[in-house]
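The values are calculated or read from the model by the stated rules, or taken from the named source; none is laboratory data. Model, not experiment: these values are computed from the prediction. When we count neighbours, we look across all protein chains shown, and the Cβ atoms used for this are built from the backbone with ideal geometry, even at glycine. The area values use the complete protein model at the heavy-atom level, side chains included, leaving out ligands, DNA and RNA. Shrake-Rupley method; radii C 1.70, N 1.55, O 1.52, S 1.80 Å.
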Amino acid sequence: MSEQPKTFPVSWEQLHRDAKALSWRLMSQGPFKGILAVTRGGLVPAAIIARELDIRLIDTVCIVSYSSENKQGELKVLKEAPKESKGWLIVDDLVDTGKTARAVREMMPDAHFATLYAKPAGKDIVDSFITEVSQDTWIYFPWDLALQTVPPLVQGKYD
Ligand SMILES: O=P(O)(O)OC[C@H]1O[C@H](OP(=O)(O)OP(=O)(O)O)[C@H](O)[C@@H]1O
Ligand SMILES: O=c1[nH]c(=O)c2nc[nH]c2[nH]1
Ligand SMILES: [Mg+2]
């Protein structure tokens, strides 16, 4: 569970809508030679954007930054980005502290960096994003969520 006081849950529909909105915005920045998806969070938005912008060349940079307890640790690069960066589009799901984005930027200095969501500490590192949330908000992505029952609003109130 997150220790952040606020939460921003994103449904599949919302994510699809936001990835399409980002694709619209990116149309005027292209054309792009290819997409570099920042795994794993960047993979789903990258697939949607690749479909909308008709991009078939997709590469990955594989980075681990957060543990399963949502704590940020040492950045581990499991697979580097390609050497060429001019004309490429980097896609990640979000930028938070900016640590991941800064590391990817160093590998791909001339690429256009796009994320769906951005928090204030990292938003200036990326070129395009759709929605900003406050730094004390934890974003929940649809692949980390499950449908479950919730008690009625009045449950126990009049006992
Ligand atoms: O701006 P930062 O503070 O660096 O945080 C943002 C990064 O953290 C998350 O990835 P994570 O390392 O959790 O891996 P995942 O994409 O495999 O979930 C998210 O997908 C971003 O890549
Ligand atoms: O699912 C996530 N939500 C977040 O808000 C976040 N920040 C860094 N890494 C994150 N992963
Ligand atoms: Mg990630």
Practice problem: Give segment 17-59 a look and list any residue that's touching a Pro at 6+ places or on another chain (Cβ under 9 Å), assigned to a strand (DSSP E or B) and closer than 13 Å to His112 by Cα, or say none. | Solution: Gly34, Leu36, Ala37
Self-check item: Any strands (runs of 3 or more DSSP E) falling wholly within segment 82-159 and containing at least 1 residues that are surrounded by fewer than 18 Cβ atoms within 10 Å (Cβ to Cβ) and within 13 Å of ligand 1 (Cβ to nearest atom)
Solution: 137-140
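In segment 30-56, what residues are more than 21 Å from Thr100 (Cα to Cα) and at pLDDT 95 or above?
Within segment 30-56, Pro31, Phe32, Lys33, Ile48, Ala50, Arg51, Glu52, Leu53, Asp54, Ile55, Arg56 meet the criteria.
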Quiz item: In segment 1-16, which residue that is assigned to a helix (DSSP H, G or I) and not aromatic (Phe, Trp, Tyr) is least open to solvent (accessible area, probe 1.4 Å)?
Solution: Leu15
Quiz item: Is one or more of the residues making up segment 81-88 at pLDDT below 95, more than 16 Å from ligand 2 (Cβ to nearest atom) and acidic (Asp, Glu)?
Solution: yes
Quiz item: Of everything in segment 30-65 that's charged (D, E, K, R) and without any contact (Cβ under 8 Å) to a residue 24 or more places away in the chain, which residue is nearest to ligand 3 (Cβ to nearest atom)?
Solution: Arg40
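From the set of residues in segment 102-125 that are hydrophobic (A, V, I, L, M, F, W, C) and without any contact (Cβ under 8 Å) to a residue 40 or more places away in the chain, which is farthest from Gly30 (Cα to Cα)?
From segment 102-125, those hydrophobic (A, V, I, L, M, F, W, C) are 103-104, 107-108, 111, 113-114, 116, 118, 121, 125; that's our starting set.
Going one step further and asking which of them are without any contact (Cβ under 8 Å) to a residue 40 or more places away in the chain, we end up with 113, 118, 121, 125.
Numbers: Phe113: 12, Ala118: 21, Ala121: 26, Ile125: 19 Å.
Taking the candidates together, the pick is Ala121.
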Quiz item: Asp96 passes all but one of (1) charged (D, E, K, R); (2) more than 12 Å from ligand 2 (Cβ to nearest atom); (3) out of contact with any helix residue (DSSP H, G or I) (no Cβ under 8 Å at 6 or more places or on another chain); which number fails?
Solution: (2)
Quiz item: What pairs can you find where one residue is in segment 138-158 and under 21 Å from Pro5 (Cα atoms), the other is among the aromatic types (Phe, Trp, Tyr), and their Cβ atoms are less than 6 Å apart, with a gap of 6+ or different chains?
Solution: Ile139/Phe8; Ile139/Tyr117; Pro142/Trp12
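Counting just the residues of segment 57-80 that are of a type in the set (Val, Ile, Thr) and modelled with pLDDT of 95 or more, which one comes out farthest from Asp136 (Cα to Cα)?
So the first thing to find is which residues in segment 57-80 are of a type in the set (Val, Ile, Thr), and the list is 58, 60-61, 63-64, 77.
With the extra rule that they be modelled with pLDDT of 95 or more, the set shrinks to 58, 60-61.
Working: Ile58: 33, Thr60: 29, Val61: 27 Å.
Step by step, filter segment 57-80, then rank; the result is Ile58.
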